[in-house]
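The block underneath contains the structure these notes are about, expressed in structure tokens.
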Amino acid sequence: MELTDYRALLIDCDEVLVDRDSGIWSALQPLLAQHKQPPERDEVLGLFRQIAQALAPRFDELGFGGSLCFAHRQLAQWLGLEASWEEGMAFARSARDWPLFEDAPGALLYLRKFYRILVYGDRDSADRDALCERLGIASEDLFSQAGNPLSDPAWLQANELQLKELLVITCASASPTAPVDMCLVRRSESAHAQPCLASFCASSMADVVALHQLSLRG
């Protein structure tokens, strides 16, 4: 299929639209300032991702902010530092300020002219509306990772969509929970060392726009 054949895009929020790593790195600076020789950025972020993945099975119990708070505390312990719960909660609240990738606003503005834009992204309830406003989407179009609309026939029928009309835009190589086409956005150079097994591959959201424009001309 061509990019112009789809009617809706289901886009991962973090790491595709929101620069989660930069947001976390900035929010960790008060903690890392306690360390005499803090590790490099990639090492810290890699460790944080490992901790967050290990906490993923407890997401229903902890919630989005709670998971970040626990990850902050465990990272501090691994680094041999002290961190209070108040500091952990301040770190968790920083998620509302994680920056958008520079190309994301313009790409979304362009793509919503051609598609219905749906977004996967977990946030605390108090921060959902602010995120939707930043992304320019309706609140009902922001889905938790646990609430997969692609596996809900009633949602698809109510929205007059078929799976073949949906394209998932993600940074992950894992297969989605429903048989739909994928576009991989691989922003890091290291990601390009791996073969792209998706229907489409791009280096950024701006690249997705360029691919769509090529499809229009084709």
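Tabulated results
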{"read-out": "Ala130 vs. criteria in a helix (DSSP H, G or I), under 13 Å from the mean Cα position of the chain (by Cα) and either assigned by TED's automatic domain parsing to the domain that holds Pro57 or among the aliphatic types (A, V, I, L, M) (or both)", "value": "no"}
{"read-out": "Looking only at segment 135-164, and only at residues there that are assigned to a helix (DSSP H, G or I) and in contact with a helix residue (DSSP H, G or I) (Cβ under 8 Å, 6 or more places away or on another chain), the one that is surrounded by the fewest Cβ atoms within 10 Å (Cβ to Cβ)", "value": "Ser139"}
{"read-out": "Exclusive hit being surrounded by fewer than 20 Cβ atoms within 10 Å (Cβ to Cβ), at negative phi and in the same structural domain as Glu165 (by TED's automatic domain parsing), set Leu109, Leu81", "value": "Leu109"}
{"read-out": "Odd one out for Tyr110 among (1) touching a residue at least 40 places away in the same chain (Cβ under 8 Å); (2) in contact with a Ser or Thr (Cβ under 7 Å, 6 or more places away or on another chain); (3) assigned to a helix (DSSP H, G or I)", "value": "(2)"}
{"read-out": "Pairs, first surrounded by 12 or more Cβ atoms within 10 Å (Cβ to Cβ) in segment 41-65, second of a type in the set (Lys, Arg) and part of a helix (DSSP H, G or I), C-beta under 8 Å, six or more apart", "value": "Gly65/Arg93"}
{"read-out": "Some residue of segment 146-153 being more than 17 Å from the chain's Cα centre (by Cα) and over 27 Å from Ala52 (Cβ atoms)", "value": "yes"}
{"read-out": "Meets criteria (modelled with pLDDT of 85 or more and closer than 20 Å to Cys201 by Cβ) for Leu163", "value": "no"}
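The values are calculated or read from the model by the stated rules, or taken from the named source; none is laboratory data. This one's a predicted model, so the numbers in the text were calculated from it and none came from an experiment. All Cβ positions, even for glycine, are placed from backbone atoms using ideal geometry, and neighbour counts span all protein chains on display.
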